[in-house]
Amino acid sequence: MAPHPDDETIAAHALIARLRRRGVAVQVLVVTDGRASHPGSAKWPRARLVAERRRETRAAMRRVGVAAGAVTFLNLPDGALAAHAGRARHGIARVAARLARPVAALVPAIDDEHPDHRVVAACATRVAMPGLRWFAYPVWPAGNRLRGATPMAKRHAIRRYATQTGRIADDPTGFTMTRTQIAAFSRPQECFVAVRR
């Protein structure tokens, strides 16, 4: 479960790649449309930005063996998810219900600094079904660069989200990952913690 297009790569790129190499089915659910990253860009109006962020997600997942049909977009408003928590929970439950069991489902940590991430965590972990187990992953804050070799595949995957790594230059208030953030997101180990209900 990715609150925004790119969170699935930040959180679980290596895990997804490893699971697919072993033939394990992987489904990706992106909850928001990703439109809030550059609200002042004239060259990247909402429709173009949303379409590009979807393309970036599908391309990143295709590189690790997840087909486009296994990526679902709920298309809820980025940056305003708290006002749409009911729709988020319903969409998450609908997607979870159609998955074969058992399911290990990944969701942001409930104490993540981004409000959309906290909403997804709260909504998702309220969905209880037999054979469904939730695991939380950290995203924000990106934190300090961790010691150890940086997995280059993950770093390259994150940089391919060009809308988030510097491609959009006409919005001074827009979001762009810093080198430090990219390094932190490319940490040597991905972390998943079982969610206690």
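The values are calculated or read from the model by the stated rules, or taken from the named source; none is laboratory data. In this text the structure is predicted, and so the values were computed from the model without any measurement. Because the Cβ atoms are built from the backbone with ideal geometry, glycine has one as well, and the counts that use them run over all protein chains shown. Calculation scope for accessible area: heavy atoms of the full protein, side chains included, ligands and nucleic acids excluded. Shrake-Rupley method; radii C 1.70, N 1.55, O 1.52, S 1.80 Å.
Rounded, prolate or oblate, given the Cα gyration tensor of region 1-93, with a/c below 1.5 counting as rounded?
Cα axes put region 1-93 in the oblate bin.
In the chain, what percent of the accessible surface is made up of carbon and sulfur (1.4 Å probe, ligands and nucleic acids excluded)?
Answer for the chain: carbon and sulfur cover 53 percent of the accessible area.
Keeping all protein chains in place, calculate the accessible area per residue for region 1-107 (probe 1.4 angstrom), answer in Å².
Per residue, region 1-107 has 46 Å² of solvent-accessible surface.
Using +1 at the C-beta of Lys and Arg and -1 at the C-beta of Asp and Glu, which of Gly40, Gly79, Ala59 has the Cα lying farthest in the positive direction of the dipole of region 1-89?
Of the options given, the answer is Ala59.
Run the quick spin-label model on Ala82 and Ala153: label points 7 Å from Cα toward the beta carbon, then report their separation in nm to one decimal.
Here the answer is 3.9 nm between the modelled labels.
At a 10 angstrom cut-off on C-beta neighbours, averaged per residue, how do the peptides 61-70, 29-38 rank from highest to lowest?
Final packing ranking: 29-38, 61-70.
Using the Cα centre of the chain as the reference point, and only Cβ charges (+1 on K/R, -1 on D/E), how large is the resulting charge dipole? Debye, rounded to the nearest 20.
760 debye
Please give the calculated 222 nm ellipticity per residue for the chain, where each DSSP H segment of at least 4 residues contributes -39500 (n - 2.57) and the sum is spread over every residue; nearest 500 deg cm²/dmol?
Taking each H run of at least 4 residues, the total per residue is -11500 deg cm²/dmol.
Roughly what % of DSSP beta bridges within the chain run antiparallel, to the nearest 5?
The answer is about 15 percent antiparallel.
Please check which bits of region 1-41 a label hung off Leu132 would reach, taking the label as a point 7 Å along Cα-to-C-beta and the cut-off as backbone N under 20 Å.
Within reach of a label on Leu132, which here means backbone N under 20 Å from a point 7 Å along Cα→Cβ, region 1-41 contributes 1-4, 8, 25-32.
Would you mind pulling out the separation of the Cα centroids of region 32-48 and region 82-104, in Å?
With region 32-48 and region 82-104 each reduced to a Cα centre, they are spaced 25 Å.
Pop the C-beta distance of Ala122 and Arg94 into the FRET formula with R0 = 22 Å and round what comes out to the nearest 0.05.
After rounding, the FRET efficiency stands at 0.80.
With θ set to phi - 60° and the Karplus curve 6.51 cos²θ - 1.76 cosθ + 1.60, what are the ³J(HN,Hα) couplings of region 171-184 in order, to the nearest whole Hz, using x for Gly and Pro?
Calculated HN-Hα couplings, in order: 10, x, 9, x, 8, 9, 5, 7, 4, 4, 5, 4, 4, 5 Hz.
If I take R0 = 45 Å and measure r between the Cβ atoms of Phe175 and Arg22 in this structure, what FRET efficiency does the formula 1/(1 + (r/R0)^6) give, to the nearest 0.05?
It comes to 0.85.
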